[in-house]
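Peer 1: Please find one structure pasted underneath; my questions will follow.
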Amino acid sequence: MKNFWKKWIAVIISMTMLAGQSSFVFAEDTTVSSTQVELEQTETDKDSVDDTVAEETQKQIEMPAEQAKIVETVDEQEENPVENLEQESSGYYLTLDGLTWIYQSDYIDVGTAYSTNDPYVQFKWEMYNVNTGQWFTIADWNYGNWASWKTDCGDYWLHCTARTSDGAIERSSTIAFHYVAGNTQISGTYAGDIGNGDQSILLGCDSTESTVGLTYTFRIYDVNLEQWSTVSNRGSQWVTWYAKTGTYWIHYELYTRDGRLADTRTIAISCSPIVRRALLIGNQSATAQNPGTRFFKDVDNMYNTLAWANFGGMQYSSIDYIRNGTKSQIAQKVKTAFQETSDNDVSYIYITCHGGSDGRIYMDSENIGYTPKELRNLFDEYIKGTVVIMVTSCYSGNLIQSNDIELGVQDISDDDINVSMGAFVNAFQDISVNSGELATPKYKVVCAANKYEQSYGYPMINISTQYWTRAFGWDYSRSVAINMEADANNDGKVTLDELHKYAYPRILTEVKGSHEVVYPENSNFVIYGRY
């Protein structure tokens, strides 16, 4: 009988220790309370209980520091009385020994290690979404200790519960988990200026997995306005975004083939404004064979055209001009007009004057003219950034057309000497535009005629200027702003390619011998806009 009471005293002491150590062992706490009540009832009913044993029991409960010593005196097989009670009642024991996970292609397999003598332990997997405050079931009760976890990228609590087959023992484990869809993760992001002159930013996102079937969303947060906007929703991995001046967060989202949010990234960028300046140069030299008055009118019409421009809320910071200036005056004007340019700026130079078959541009009143190389040196010295040049002169194509075209002329056989001049000129209308002095990435150039041709005009306006200004939205005959006739896709912008496709056939219709040439060809660089 004495051993019996010693055994139960040890159980009571162990229960007390467990209850004090953890507030999470609710089942054990209840068991302790019930056992104590039963013991008190037994002590009242049985006169044979030794008073000394009762006093010692009370002393042991009131002295936690001595409990460990008392437990050590109990039979070694009774080291965990609570677990042994459960095993005695159910016949099983069960512990969870840690959670683990494995990244699959676009999901995560989660599992748990465990110890038991029950061959039919069941498991339940749940997740708690920290952002929404909601619980969800990953896998309901089943006999496997692994589950496939498929959800959206985010922060969660991963919760696993296990129980014995008779339901007598239940164990659980919880860990914090930032979920991404397995190996389908963002491997890189891109944001860069396309270089089209309108602050268009190319956004890109790449994935560690094959991009087949994956979709991407690009969101923009304007720090100044404190507003979100969506550039592209569930689309391809590349998209173009027009950025106004300001500071932004770019948020990239990657979605799995079945539409789950797989991964996200966010970067900050700052967009500086593109400053645009213009200089209009006109010369109606008195020494020319037919000086006329149209060159000054050309300057006026181009001035009015540029005054109506609007690039994302920004106009030209300055539109200056010079008429019949000397070479030194022109050089000084170029210097003062563009001395504050930066690498991000776009500068416009419009030149209307006579030109020579030797390639000289007679934009000075001294009638000395500029060779293509002299113009290049002048602009390179004083202008940073991109330079848009529009020239109405005869033979202006010399600025951008290859000089080795003359080798083609030498290849003409004797039998071809008698071909008409018109056929000869037409044979060179597609002359290569690639190696003139201004055929470099810094310059975007429009010439009224190729290097072998003259350009023409009416008394009030050059024919090329007439169509260039109409392309930009100005009608010189009525002196009013009109729709931008070259804006083929109605996006409020006129690219170099749109201008060329609009003006080239119209100029050629009026003047059979003038083929407009541009550099670079097929360019999406925005040279005018109202947006």
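Every read-out reported here was derived from the displayed coordinates using simple, explicitly stated rules and does not represent laboratory data. Quick caveat: nothing in here was measured; it's all calculated off a predicted structure. Every residue, glycine as well, gets a Cβ built from its backbone with ideal geometry; the counts of neighbours run over all protein chains shown.
Peer 1: From the square roots a ≥ b ≥ c of the eigenvalues of the alpha-carbon gyration tensor of the range 443-499, which class results: rounded (a/c under 1.5), prolate (a/b over b/c), or oblate?
Peer 2: Oblate is the answer for the range 443-499, as a/c is 1.5 or above yet b/c matches or exceeds a/b.
Peer 1: Also, quick follow-up: How many nm is it between the label spots at TYR190 and ALA113, if each spot is 7 Å from the Cα in line with the beta carbon?
Peer 2: 4.4 nm
Peer 1: 7 Å from Cα along Cα→Cβ at both LYS373 and THR100: what's the point-to-point distance in nm?
Peer 2: It works out to 7.6 nm between the two label points.
Peer 1: If you take the beta carbon distance between SER402 and GLU381 as r and set R0 to 22 Å, what does 1/(1 + (r/R0)^6) give as a FRET efficiency, to the nearest 0.05?
Peer 2: Details: r = 25 Å, r/R0 = 1.12.
My answer for the efficiency is 0.35.
Peer 1: From the backbone phi of the range 500-510, what are the Karplus-calculated ³J(HN,Hα) couplings (6.51 cos²θ - 1.76 cosθ + 1.60, θ = phi - 60°) in whole Hz, Gly and Pro given as x?
Peer 2: 5, 5, 7, 7, 3, x, 6, 5, 5, 5, 7
Peer 1: Let me ask something else about it. For the range 342-392, take the convex hull of the Cα atoms, compute a quarter of its surface area, and give me that in nm², please.
Peer 2: Details: hull surface 14.6 nm².
Dividing the Cα hull surface by four gives the mean projection, 3.6 nm².
Peer 1: Suppose the Debye formula is applied to equal point scatterers at every Cα of the range 289-349; what is log10 I(q)/I(0) at q = 0.12, 0.22, 0.24 Å⁻¹?
Peer 2: Values, matching the q order: -0.39, -1.07, -1.16.
Peer 1: Follow-up question, since we're still on this one. Give the peptides 267-273, 448-454 in descending order of average Cβ contacts within 10 Å, highest first. Intermediate results must be reported in sequence, preceding the final value.
Peer 2: Values: 267-273: 13.6, 448-454: 24.4.
Result, highest mean first: 448-454, 267-273.
Peer 1: Considering amide H positions built from the backbone, and no H for Pro or chain starts, which residues 5 or more places from TRP238, or on another chain, come under 5 Å of its amide H?
Peer 2: Result for TRP238 returns nothing.
Peer 1: By the scheme Lys and Arg +1, Asp and Glu -1, what is the net charge of all other residues having a beta-carbon under 14 Å from that of ASN196?
Peer 2: On the way: positive: ARG276, LYS444, LYS493; negative: ASP193, ASP198, ASP491, ASP497, GLU498.
So the environment of ASN196 carries a net charge of -2.
Peer 1: Please give the contour-minus-distance gain from ARG265 to LYS501: 0.36 nm per residue of separation, less the Cα-Cα distance, rounded to one decimal in nm.
Peer 2: Numbers: separation 236, 0.36 × 236 = 84.96 nm, distance 4.08 nm.
Fully extending the segment from ARG265 to LYS501 adds 80.9 nm.
Peer 1: Given a Förster radius of 35 Å and the C-beta distance between ASP222 and SER477 as r, what FRET efficiency does 1/(1 + (r/R0)^6) yield to the nearest 0.05? Walk me through the numbers before you get to the answer.
Peer 2: Numbers: r = 43 Å, r/R0 = 1.22.
In this case the efficiency is close to 0.25.
Peer 1: May I pose another question? Could you list which residues have their amide H under 5 Å from that of GLY197, counting only those 5 or more apart in sequence or on another chain, with H placed in the peptide plane?
Peer 2: VAL526
Peer 1: Could you rank the peptides 488-495, 121-128, 218-225 by their average count of other C-beta atoms within 10 Å per residue, with the highest value first? Walk me through the intermediate numbers first.
Peer 2: Values: 488-495: 16.8, 121-128: 19.8, 218-225: 15.1.
Result, highest mean Cβ count within 10 Å first: 121-128, 488-495, 218-225.
Peer 1: Related question: Around TYR303, with a cut-off of 12 angstrom between Cβ atoms, what is the net charge of the other residues, counting Lys and Arg +1 and Asp and Glu -1? Mind dumping the intermediate values first?
Peer 2: Working: positive: LYS297, ARG323; negative: ASP298, ASP300, ASP320.
My count for the surroundings of TYR303 gives -1.
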